[in-house]
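Before any comments, here is the structure.
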Amino acid sequence: MSTSGGRLFRDYRMTTGVLAVLLLAVSLVLAWQAERQAGLERSRQINVQAQILAEGVAGALAFDDRSTARELLNALELNDDIQAAGVYGAQGEMIAGYVKQGDPLPRHVRPHPPAIAGLALSVVEPVTQGTLKLGNVYIRATVEPWTRRISRYFGIGAVLVMAALLVAALGASYSSATAANQRLQEEIAAREAVESQLRQAQKMEAIGQLTGSVAHDFNNMLMAASSGLELLEKSADPQRTERLKRGIREALDRGARLTQQLLTFARRAPLHREVFDIRQRLANLSSLLERSLREDVVVEYDLDPALWAVEVDPSQFDVAVVNIAVNARDAMPKGGVIRISARNLDRAINGADAVSIAIADEGGGMTPEQIERAFEPFFTTKGVGRGTGLGLSQVYGFVHGAGGTVAIESRPGMGTTVQILLPRQEHAAPVAEPEPAIAPADDAPVHWRVLLVEDDDAVAEFVEQMLDELGCTVCRQPRAEDALRSFDRAAVDLVLSDMVMPGMYNGLEMARELRRRCSDLPILLMTGYSSAANSATGEGFAVLSKPFTMATLAAQLRELMSSDG
Amino acid sequence: MTHARALRWRVFACAKIFGTALVLMMAAPALSAVSEAEIKAAYLYKLASFVRWPDSAFVEPAAPLRICIAGRPDVYHVVDGLTRGQDAAGRHLSAESVNPARPDTVAHCQILYLGEGETAVPAMLAQIAQAPVLTVTDRAGGTHGGIIEFVLVGGNIRFTIHRQSSEVHQLVLSSKLLAVAVSVEP
Ligand SMILES: Nc1ncnc2c1ncn2[C@@H]1O[C@H](COP(=O)(O)OP(=O)(O)OP(=O)(O)O)[C@@H](O)[C@H]1O
Ligand SMILES: [Mg+2]
């Protein structure tokens, strides 16, 4: 780049140099032309003078009238441009003449047109009367001296030279400006490289921090859960068992939320957009919310009864609300009120209607710097192990993914309000379907024969137990190939398979093959990855996103079996 | 060679300064080149170029322009020499010597020089009357009444012009000729 740039400057410099030279050359040619014109004009004038003299002197030559010849020459002598003039007889002898300046008159002359000799222009014109040759006249005129000619051209010449210099100077300054510009570009590129290195370093640091805090959080949760279970085994007191179970549950909820957040942040969480009514959703969420908060924190609702519907992923919506509420709780260590209000806003997002959900607390508030950075992943003011800094980043990712906006309004000591705007969905919300996670499903046992394909033994065992609990008979295959080989439609009511598996076939390929063989076979695929889930749903397969609860599994199985027959 | 020419030039100038008297007194052959007769002959010859004659002056379109000299055989000889093979105003020039005693012989002349013999002149002029003939008389030779008259001024041979007379004879004289005349009489 710099070499081509260098050539560019040289080119500019050369171009302007050539331009300047061209300008000078053109002006020289023009001057030469003007000079030549002037010379011709002067020759013509002298020739005319000679002709006039020849005409006038004819009589005098014919009849030896020297005084008349002399008079004519005297008249000519008044002309300052004429250095010398002479009248010559038919034999070429001089009759009369004068010299004002320069060489003496030539002794003999022969007719010739105007010609420059040295600094003089001379002409010899024959004197005739009819066919009678009477003699010649000679006139010598000054050629305009160089100094006078130069002074004539000096003004215009100076202007031209200045113009040429200006062109050259402009070219030079342009090329130097280009050079400076290029240096600047190079500097910018270098700085960008340094900045990207810095960003990379920051990212590495952040990932380190994240790994640390996530590991710490998980450890805590696992600690809580495993010690809770241990205690549970040893305890017989029903009240105490109940408390322990709740503690284990809370720890697991926290873990699930954490992974959800990580997935949202990584944009890996499968999105299940649904049209729903926020009022209803918040009402269902309230019990979960209260469980996540402390006793000294009160949640108040102020919901517009005629809220518009929105179309977002409901579980992400829940997580976002919980994240904001948990932040509010953390901001009020001595307790207080969290006010959740929702209302319709006309043309609030780029002229489109929106539903606003505002969550306000009475906590310590935030500084402008904190507000500015709050949505950054891993930005936290809470110590290691107490906050990962992913809560608001999940909120941000969710809201923007849904086409909405989120804003924080806060001042230190004045509490904080986080407002989410979600675009209005024109279709009305469907009649609220019972949420399997919250509304317990119908508990009647089923007696389906399930082919479970799962490579992970731990997961397989867990799922097997769940199915067993539901009343199903399970046949498990660890690999897709084995499942395909031993498949017998008569012995299987439905297939439940992991999607990402080692081996010749993955879950989706196996499902395709099975569907090819028996198009009426109900197949349910399980995955924790959004991209896998998307490709499966794209092909019309039912997908269960991991992790799932027994209730979700039961609901999905029931739905699948009822729609398939 | 230049020296020789310069010498001749000086001799020529002297001849003019001293005039005819000197020429007449000295019959030296060296001076014959610039004799009075030669000067007058040259003038007569050159006059043809400064005058325009009407077409009626010539008997036929191809007729020569005749310069007639009455009574000065020396002048005649020079003119004859000068005009030989020469043209003026698109015509051949010819020199003729006419007899002053026979005025009838001058009607076909275009230039008539009456150099001497004042007795015969009136008869000849009368013969010409208003015919388109440029008459040249010579005061030094005692003749008068021509359209052009040779006179001696400061030792130089010059001439006067009678314009009215030239008009009477239907001749157009060049302004250049008028310019060098000593005097132009109306
Ligand atoms: N309601 C609030 N009042 C005061 N500060 C808040 C509030 N909400 C967020 N913040 C500030 O913004 C930071 C980032 O919040 P965010 O929810 O992203 O992470 P976190 O709460 O620190 O950790 P995590 O939510 O992952 O446990 C918090 O550390 C806190 O300093
Ligand atoms: Mg938080």
Q.
All but one of (1) touching a strand residue (DSSP E or B) at 6+ places or on another chain (Cβ under 9 Å); (2) open to solvent by 10 Å² or more (accessible area, probe 1.4 Å); (3) within 12 Å of chain A (Cβ to nearest Cβ) hold for B:S175; state the number of the condition that does not hold.
A. (1)
Q: Taking the residues in the stretch A:383-412 that are among the small types (G, A, S) and within 17 Å of A:A328 (Cβ to Cβ) as candidates, determine which candidate is farthest from ligand 2 (Cβ to nearest atom).
A: A:A407
Q) Do you know which of the residues in the stretch B:145-164 that are among the charged types (D, E, K, R) and either more than 15 Å from A:G59 (Cβ to Cβ) or away from every other protein chain (no Cβ under 13 Å) (or both) is most open to solvent (accessible area, probe 1.4 Å)? A) B:R163
Q.
Take residues that are hydrophobic (A, V, I, L, M, F, W, C) and modelled with pLDDT of 85 or more and tell me which of the helices (runs of 4 or more DSSP H) falling wholly in the stretch A:456-565 contain 3 or more.
A. A:480-485, A:507-517, A:550-564
Q: Select from the stretch A:483-503 the residues that are open to solvent by less than 30 Å² (accessible area, probe 1.4 Å) and within 20 Å of A:E461 (Cα to Cα) and list them in ascending order.
A: A:A483, A:V492, A:L494, A:V495, A:L496, A:S497, A:D498, A:M499, A:M501
Q. Which one is farthest from A:T417 (Cα to Cα) among residues in the stretch A:361-389 that are near ligand 1 (Cβ under 9 Å from one of its atoms) and not in a loop (DSSP other than H, G, I, E, B)?
A. A:R373
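Report yes if B:L125 is buried (at least 16 other Cβ atoms within 10 Å of the Cβ) and in contact with a Gly (Cβ under 6 Å, 6 or more places away or on another chain), otherwise no.
When the stated conditions are applied, B:L125 passes them.
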Q. Which condition number does A:L72 fail, the rest of (1) more than 14 Å from every other protein chain (Cβ to nearest Cβ); (2) out of contact with any strand residue (DSSP E or B) (no Cβ under 7 Å at 6 or more places or on another chain); (3) among the hydrophobic types (A, V, I, L, M, F, W, C) being met?
A. (1)
Q: Six or more apart or on different chains, Cβ under 7 Å: which pairs go from a residue in the stretch A:283-312 that's in the same structural domain as A:I349 (by TED's automatic domain parsing) to one that's in a strand (DSSP E or B) and of a type in the set (D, E)? Could you list them?
A: A:W308/A:D353; A:E311/A:E274
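Matching residues to (1) without any contact (Cβ under 8 Å) to a residue 24 or more places away in the chain; (2) more than 16 Å from ligand 2 (Cβ to nearest atom); (3) in the same structural domain as A:M332 (by TED's automatic domain parsing):
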position	(1), (2), (3)
A:A348	no, yes, yes
A:G351	yes, yes, yes
A:G363	no, no, yes
A:P368	yes, yes, yes
A:F375	no, no, yes
A:F378	no, no, yes
A:T381	yes, no, yes
Q: Would you mind listing the strands (runs of 3 or more DSSP E) fully within the stretch A:72-124 where at least 2 residues are open to solvent by 60 Å² or more (accessible area, probe 1.4 Å)?
A: A:94-99, A:112-117
Q.
Let me spell it out: the conditions are (1) more than 27 Å from A:R246 (Cβ to Cβ); (2) within 16 Å of ligand 2 (Cβ to nearest atom), and A:V355 meets all of them except one. Which number is the exception?
A. (2)
Q) Got a sec? Which of A:S151, A:S175 is open to solvent by less than 30 Å² (accessible area, probe 1.4 Å) and at pLDDT below 85? A) A:S175
Q: Give the number of residues within the stretch B:59-87 that are closer than 19 Å to B:T135 by Cβ and in contact with a Leu (Cβ under 6 Å, 6 or more places away or on another chain).
A: 6
Q: Could you pull out every one of the strands (runs of 3 or more DSSP E) wholly within the stretch B:88-186 that has 1 or more residues that are charged (D, E, K, R) and free of Cβ contacts under 8 Å to residues at least 24 places away in the same chain?
A: B:148-153
Q: Return the only residue of A:A309, A:A342, A:A331 being more than 14 Å from chain B (Cβ to nearest Cβ) and near ligand 1 (Cβ under 10 Å from one of its atoms).
A: A:A331
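The values are calculated or read from the model by the stated rules, or taken from the named source; none is laboratory data. As the structure is a computational prediction, the values presented were derived from the model and not from experiment. Don't worry about glycine lacking a Cβ; one is built from the backbone with ideal geometry, like all the others, and counts go over all protein chains shown. The accessibility values were calculated without ligands, DNA or RNA, using every heavy atom of the protein model including side chains. Shrake-Rupley method; radii C 1.70, N 1.55, O 1.52, S 1.80 Å.
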